[in-house]
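The values are calculated or read from the model by the stated rules, or taken from the named source; none is laboratory data. Owing to the predicted nature of the structure, the values given are computational and were not obtained by experimental measurement. When we count neighbours, we look across all protein chains shown, and the Cβ atoms used for this are built from the backbone with ideal geometry, even at glycine. We work out accessible area using only protein heavy atoms, side chains counted, and drop any ligands, DNA or RNA first. Shrake-Rupley method; radii C 1.70, N 1.55, O 1.52, S 1.80 Å.
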Amino acid sequence: MPGSPFAPSPLLPTQLESHYRTHHGWLAHWLQRRLGNAAEAADLMQDTFIRLLAGAPAQPQTPALRAPKAYLATVAKHLLINHLRRQSLERAWLDALAALPEQHVPSTEQRAQILQALQAVDAMLDGLKPKVRAVFILAQIEGHAYADIAAQLGIGERSVKRYMAEALTECVLLAPDLPA
């Protein structure tokens, strides 16, 4: 809650400016080594500092201020992983499109919408507990029956149903435009 003394407050502009001046070169180089692309590295570096600006607490004992380099590296690593996952998903989508007969290729607008939906599902799957994700993928993508999933994962069929309910709840939360 915003008025709570325990709620994080953003860094002061002077603190952020100091961190930026001190660490932006190192962080951009660190990201560029991993991406091999200076423009993408610069974008992710800026996103990292935006995250710092938006959410880092101002208390001196927090990791953002006690060890800013480690904190920035952690934030940047998470952003990098998400960026690489989106790129991989987009490449797979483009490969699938290339394999379609011309008359079945969706319009540019439809392709963008489908890619956005794929990214949302990917993010949802990434947020699930490992067993819930495994059950969902085995049932919905690979088409296995619940009994087969239970045997394969060494869990009860009742757990498979519970995990599927949890995954499907997350799917429903992804689709706010569904009729009530």
Check: Quick check: is even one residue across the range 71-81 at pLDDT below 90, under 22 Å from Gln116 (Cα atoms) and surrounded by fewer than 13 Cβ atoms within 10 Å (Cβ to Cβ)?
Finding: yes
Next item on the list: Might you check whether a residue that is modelled with pLDDT under 90 and open to solvent by 60 Å² or more (accessible area, probe 1.4 Å) occurs anywhere in the range 152-166?
Entry: no
Item checked: Matching residues, the range 133-151, being outside any loop (DSSP other than H, G, I, E, B), at pLDDT below 90 and open to solvent by 80 Å² or more (accessible area, probe 1.4 Å) -> Gln140, Ile141
